[in-house]
Amino acid sequence: MTIFYFTLKRSFANLANLIFLTAAPIACIFLPAGEGWPPLAYGYAYFGIVILFVAIRLAQIMMEDRVKGILKRLSVAPVRYFSYLGQHLLAYAVILILQSAVVVLGGWIAGQELHRPWALFALYVSFSFAALAMALAWISVFRSKDAAFLFYMSLIVLAALLGGIILPLEIFPDLLRRIAVILPTFWFAEGLKSIASAQPFADNVRINATLCLYALVFLVLGSTRRMQ
Amino acid sequence: MRVLSTLRFTLLRLMRNYIVLLLLLAVPIALLTVFSVILSGMVDEAGRPYFDQTALTMVLAFQLFGGSTVMSYLNEDLFARNRERMTVAPFNRTLYAFSILLAGSAFSFLLGAAIMAYTRLVLGLVWANWGWTLYLIALMAVLSSIVCVIFVCGVKSFSTAERLSEVYGVGFVLLAGLFFPMPQHAVFEFMGSYGNPLTLSVGAVRAVEIGNWNEAWFQANIVLAAIGFLFPVMLVMGRRRLR
């Protein structure tokens, strides 16, 4: 588990990352609740966008390895590619799960109306997996770190808007509402809605399963490319 | 005036900077298109379309990020990659830095104007007073460039300066209350009204729409005063760093 340990260390190594990884979820706890929209307080909807950003920032560490040629050196070391990728992803997943736990637990302590904290936590975790897999698939296409991040950033904003995190989906025209279903952000927003409106348990399971399916698909896409 | 001959290349570099074009031109255009589809036909209590307000705010909000090009070129040419070459070049480096500032602001202004033209020609939005809006876009572009020059000259590490410029942009967007309502507190209320260049310039344009020129000039002049105050600060810091 050496790689896992060092990945954790590297994730927190630079100051900007440290602030981003710790302050952003804490800020999310304290954002106010809206009137009728969003279903939970603002911070709990925007935390989905934070997850997407955190995932790409973390995945960039692997991209750095590829661009700088560290991956080439690793290929002659007695480490299998599978274990390299697995331990990296595990470290990122641990960070994201911890963040989700902080947000849910913090909200529970601060007295935010969370309806069903466990279901919310499960939703954040499965969305984190999907976000991580998407980031992995995204960085495997790019060569320049900055370009990958900035392109992804613009996509995040668009996906958050079209998926119904920033504006309620009900006011969208019919066509956009139907297209939104293909975006993972739609399922995240749907999950929040289902938690707030106390839908049956099976509904939550369905939404989490969809997000995990996204994670699986993008993981397969992203892990096929090894070097260069 | 040898610096003048470099201006052409600065402009060429700006125009070929595809990432900036993507972030400050393609993204707002895509967002505005989506918004115009979503908000079409919706009006507020006063009977004005919601989209007018959104378009105005977005055109001005993206100016907050316009200074990032000035910052990265200054760093590349005078502090990092081309530093030695520029030191031996027979021209006034301070003036060169100033030319980058001007070119960057002009470029940012042009992008803002292009977005405005797009909303007018493609999305069919009628700007009440486009000249006045352009004036405020120019003010915002210059202000953001000056702020970014202060950051890049005042902070040792460039990545910190970059983060600070992001804080400047995102911070004022958040303080304007565009993403979620700010808490009821005197400080937040001030930063969401007269202490915020974004709300000031939006307010100035809105005031003209209802014909209140006094209020419009008042709000625009506060932004101008901020520029007037920060300009000497920038000169002092820039000279100290470039020496």
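Rule-based calculations on the coordinates, nothing more; no lab input. Since this is a predicted model, take the numbers as computed values, not measurements. Quick reminder, even Gly has a Cβ in these numbers, built from the backbone with ideal geometry, and neighbours come from all protein chains shown.
Per-residue mean of other chain beta-carbon atoms within 10 angstrom of the beta-carbon, peptide A:40-53?
Values: counts 0, 1, 3, 1, 0, 2, 2, 0, 0, 1, 0, 0, 0, 0.
Neighbouring Cβ atoms belonging to other protein chains average 1 per residue here.
So what is the calculated 222 nm ellipticity per residue for chain A, using -39500 (n - 2.57) for each DSSP H run with n of 4 or more, over all residues, to the nearest 500 deg cm²/dmol? Numbers along the way, then the final one.
On the way: 10 runs with 173 residues, N = 228.
When only DSSP H runs of four or more count, the value is -25500 deg cm²/dmol.
Go ahead and run the numbers for FRET between B:Thr94 and A:Trp108, Cβ-Cβ distance against an R0 of 41 Å, rounding to 0.05.
0.15
Which FRET efficiency value, to the nearest 0.05, is calculated for A:Lys68 and B:Ser5 with the Förster distance at 56 angstrom and r the Cβ-Cβ distance?
Given R0 = 56 Å and the Cβ-Cβ separation, E is 0.90.
Counting only other chains, what is the mean number of Cβ atoms within 10 angstrom of the Cβ of each residue in peptide B:34-45?
What the average comes to for B:34-45 is 2.
Rounded to the nearest 500, what is chain B's calculated 222 nm mean residue ellipticity when only DSSP H runs of at least 4 contribute -39500 (n - 2.57) each, over all residues? Each step should come with its number before you reach the end.
On the way: 12 runs with 175 residues, N = 243.
Rounded to the nearest 500, the figure is -23500 deg cm²/dmol.
Using unit Cβ charges (K, R positive; D, E negative) and no other charged atoms, how large, in debye to the nearest 20, is the dipole of region A:126-212 about its Cα centre?
Details: 6 positive and 5 negative charges, 39 e Å.
Rounded to the nearest 20 debye, it is 180 debye.
Provide, for q = 0.18 Å⁻¹, the log10 of I(q)/I(0) from a solvent-free Debye sum over equal Cα point scatterers in chain A.
The computed values of log10 I(q)/I(0) come out as -1.36.
Within 10 Å of each Cβ in B:178-184, how many Cβ atoms from other chains are there, averaged over the peptide?
4
Would you work out which of B:Val205, B:Val187, B:Val152 lies farthest towards the positive end of the dipole of region B:3-242, given +1 charges on the beta-carbon of Lys and Arg and -1 on that of Asp and Glu, about the Cα centre?
Projecting each Cα onto the dipole axis, the largest value belongs to B:Val152.
Suppose the chain between B:Glu84 and B:Arg16 were pulled fully straight at 0.36 nm per residue; how much longer would it get relative to their current alpha carbon spacing? Write down the numbers at each step before the final one.
Values: separation 68, 0.36 × 68 = 24.48 nm, distance 2.39 nm.
Stretched out fully, the B:Glu84 to B:Arg16 stretch lengthens by 22.1 nm.
In nm, to one decimal, how far is the A:Ala16 label point from the B:Thr33 one, both placed 7 Å along Cα→Cβ?
According to this spin-label approximation, the distance is 3.0 nm.
Write out the trypsin sites (Lys or Arg not before Pro) in region A:19-121 meeting two conditions: DSSP loop, and at most 13 other Cβ atoms within 10 Å of their Cβ. Kindly include the intermediate steps, with their values, before the conclusion.
Working: sites: A:Arg57, A:Arg66, A:Lys68, A:Lys72, A:Arg73, A:Arg80; in loops: A:Arg80.
Sparse-neighbourhood loop trypsin sites (Lys or Arg not before Pro): A:Arg80.
Take B:Tyr135 and B:Val155, extend 7 Å from each Cα along the Cα→Cβ direction, and tell me the distance between the two endpoints in nm.
If labels sit at B:Tyr135 and B:Val155, their model points lie 3.4 nm apart.
Show me B:16-25, A:29-38 ranked by packing, highest mean number of other Cβ atoms within 10 Å first.
B:16-25, A:29-38
For the protein assembly as shown, rounded, prolate or oblate, judged on the Cα gyration tensor with a ≥ b ≥ c (square roots of eigenvalues), a/c < 1.5 rounded, else prolate if a/b > b/c? Let's see the in-between values first.
Working: a/c = 1.89, a/b = 1.18, b/c = 1.60.
Oblate shape, in that a/c is at least 1.5 and b/c is the bigger or equal ratio.
Report, in debye and to the nearest 20, how large the dipole of the protein assembly as shown comes out about its Cα centre when Lys and Arg carry +1 and Asp and Glu carry -1 on their Cβ. Please list the in-between numbers first.
On the way: 34 positive and 20 negative charges, 491 e Å.
Here the protein assembly as shown has a charge dipole of around 2360 debye.
Give me Rg over Rh for chain B, both radii from the alpha carbons and Rh done the Kirkwood way, two decimal places.
Values: Rg = 18.7 Å, Rh = 18.9 Å.
Answer for chain B: 0.99.
Among B:Trp132, B:Gly177, B:Thr6, whose Cα projects farthest towards the positive end of the dipole of chain B, with charges put on the beta-carbon of Lys, Arg (+1) and Asp, Glu (-1)?
Projecting each Cα onto the dipole axis, the largest value belongs to B:Thr6.
Quick check for me: using +1 on Lys/Arg Cβ and -1 on Asp/Glu Cβ, what's the dipole size of region A:2-223 about its Cα centre, in debye to the nearest 20? Could you put the intermediate results ahead of the total?
Details: 15 positive and 9 negative charges, 191 e Å.
The dipole of region A:2-223 has a size of about 920 debye.
Once both axes come from the Cα atoms, what is the angle between helix A:117-139 and the longest principal axis of chain A, in degrees from 0 to 90, rounded to 10?
40 degrees
Which distance in nm do the two modelled labels at A:Ile166 and A:Ser83 give, with both placed 7 Å along the Cα-to-Cβ direction?
4.5 nm
Farthest toward the dipole's positive end in region B:3-242, which of B:Ala30, B:Ile227, B:Met86, given Cβ charges of +1 (Lys, Arg) and -1 (Asp, Glu) about the Cα centre?
Value computed over the given set: B:Met86.
Before anything else, pin down the relative contact order of chain A: Cα pairs under 8 Å, at least 6 apart, normalised by residue count, whole percent. Provide the component values of the computation, followed by the final result.
Values: 263 pairs, mean separation 60.2, N = 228.
Relative contact order, chain A: 26 percent.
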